[in-house]
Amino acid sequence: MARRAFLHIGTPKSGTTYLQSLWWQHRDALAARGLLLPGGDADVQFHAAAVVRANRDVLATMGPRQRAAWDRVLAESRQWDGDVLVSQEQLVEASTEDAANAVRRLGEAADEVHVVITARDLVRQVPSAWQQRIKHGSPTSLRRFTERVAKDEPDFNFWTHQDVPRILERWGAGLEPDRMHVVVLPRPGASKDLLWQRMCGLLGVDPTGLSLDAPVANETLSPAQIAFHRLVNTHLRNAHLDVAR
């Protein structure tokens, strides 16, 4: 049985891609230091998260083995005597009921369950979230995007992903306060590895000797790239549900 299970649930655009890339790159080294990433690869944890939050769209694309991903993650965690880490930002959307079920089941595989949220200030988060939608096919302008953020429209799920107090409330219903963790992203200009160091400190992992060259990063688009993507997206209006109205 695992000692501690850490469930890193996002938020999106808060360094998740960077952290996950490093964690999976160093999976064997981290396991040797007592921290296991159960499942074998990031895809398994993605499928496990889809099962946890009953994501119909993703589940419809998954076969029987993929639908068993969450059970495999739990089984592998149960057989480990150190700490385990599951990191998948789509978990941030889980309902209170789904979150409680996930914590309960993980609690059957580990002595302690800890939920971790990475977050950064909304001044940077709003335009980053807008850029992410542009990458996914939206032609929406930044002005229109911020208007919808401000209105918190029911069919616009920005705050579902980014309202940290609301997320803490959903995920923390059955946990002690000291098992809910918010890791704040460094301010602009800070050392590049500061977020990594903060996470390693929380997880109790010695990062000495681990390369910080992440093989995958969710890079910020330049103004010219944004303009190009929006131009393309305007002519492919059905590529994304978030269209300007």
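The values are calculated or read from the model by the stated rules, or taken from the named source; none is laboratory data. As the structure is a prediction and not an experimental result, all values here were calculated from the model. We place every Cβ from the backbone using ideal geometry, glycine too, and count neighbours over all the protein chains shown.
Numerical summary
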{"item": "Single residue of 121, 178 found to be surrounded by fewer than 19 Cβ atoms within 10 Å (Cβ to Cβ) and over 30 Å from residue 82 (Cβ atoms)", "result": "121"}
{"item": "Filtered residues of the stretch 52-67 (kept if more than 24 Å from residue 3 (Cβ to Cβ) and assigned to a helix (DSSP H, G or I))", "result": "56, 57, 58, 59, 64, 65, 66, 67"}
{"item": "Filter result (touching a residue at least 40 places away in the same chain (Cβ under 8 Å), assigned to a loop (DSSP other than H, G, I, E, B) and either buried (at least 16 other Cβ atoms within 10 Å of the Cβ) or of a type in the set (D, E, K, R) (or both)) within the stretch 188-205", "result": "205"}
{"item": "Close pairs (7 angstrom Cβ cut-off, 6 or more residues apart or separate chains): closer than 14 Å to residue 39 by Cα in the stretch 49-72, of a type in the set (Gly, Ala, Ser) and surrounded by 14 or more Cβ atoms within 10 Å (Cβ to Cβ) anywhere", "result": "51/69; 69/39; 69/48; 70/48; 72/39"}
{"item": "Members of the stretch 1-17 found to be farther than 25 Å from residue 104 by Cα and surrounded by fewer than 19 Cβ atoms within 10 Å (Cβ to Cβ), listed by number", "result": "17"}
{"item": "Residues of the stretch 89-110 classified as in a loop (DSSP other than H, G, I, E, B) and either under 21 Å from residue 163 (Cα atoms) or touching a residue at least 60 places away in the same chain (Cβ under 8 Å) (or both), total", "result": "3"}
{"item": "Members of the stretch 129-181 found to be more than 19 Å from the chain's Cα centre (by Cα), assigned to a helix (DSSP H, G or I) and closer than 30 Å to residue 4 by Cβ, listed by number", "result": "177, 178"}
{"item": "Residues that are assigned to a helix (DSSP H, G or I) and either of a type in the set (D, E, K, R) or more than 30 Å from residue 121 (Cα to Cα) (or both), drawn from the stretch 15-43", "result": "27, 28, 29, 31, 32, 43"}
{"item": "The stretch 68-88: number of residues that are in a strand (DSSP E or B) and more than 17 Å from the chain's Cα centre (by Cα)", "result": "1"}
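Results for (1) surrounded by fewer than 19 Cβ atoms within 10 Å (Cβ to Cβ); (2) over 26 Å from residue 14 (Cβ atoms); (3) at pLDDT 95 or above, shown as yes or no for each residue.
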residue: 63; (1), (2), (3): yes, yes, yes
residue: 74; (1), (2), (3): no, no, yes
residue: 78; (1), (2), (3): yes, yes, yes
residue: 87; (1), (2), (3): no, no, yes
residue: 100; (1), (2), (3): yes, no, yes
residue: 111; (1), (2), (3): yes, yes, yes
